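Derivation of every value follows stated rules applied to the coordinates shown; laboratory data play no part. In this text the structure is predicted, and so the values were computed from the model without any measurement. Virtual Cβ from ideal backbone geometry, glycine too; neighbours counted across all protein chains shown.
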Amino acid sequence: MNFGNWNITENGISWKGSALQKFEIPADKINTTMRVGDSKFYESILVATDQHWLTQNDLYDLNFAFVFAAAKLNVEFDYDVFDATLDEQYERFEEEDEDDE
């Protein structure tokens, strides 16, 4: 199954866009979280957000792919953590837009 340039398989999520770039989230790492202060986030989403070669549209597609992959691979998924991750992602988008101005 594909979402934009993201391919979901039993091995996880992988970037299928430009051959010059590579980004993968192995199936056993999809639900890996990280803490920043009192907040808990899905690590791979924020790592991808910090990849400047990925566009915001690529990242939106990744968000959909991420939820789909978690369900398909039957891994533990926490919507509260995902919502917090997206809030942090959007804050990073805003900071990047401000830096570009």
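Taken over the stretch 42-60, the criterion of being assigned to a helix (DSSP H, G or I) and of a type in the set (A, V, I, L, M, F, W, C) is satisfied by 45, 46, 47, 48, 59. Kindly indicate which of 31, 74, 63 is assigned to a loop (DSSP other than H, G, I, E, B) and crowded, with 17+ Cβ neighbours inside 10 Å. Exactly one residue qualifies, and that residue is 31. Reported count of residues in the stretch 4-28, each being farther than 11 Å from residue 73 by Cβ and either among the charged types (D, E, K, R) or over 12 Å from the mean Cα position of the chain (by Cα) (or both), is 11.
Taking every residue in the stretch 14-41 that is closer than 20 Å to residue 87 by Cβ and pairing it with any residue that is exposed (fewer than 13 other Cβ atoms within 10 Å of the Cβ), at least 6 positions away or on another chain, the pairs with Cβ-Cβ distances below 8 Å are 31/76; 41/35.
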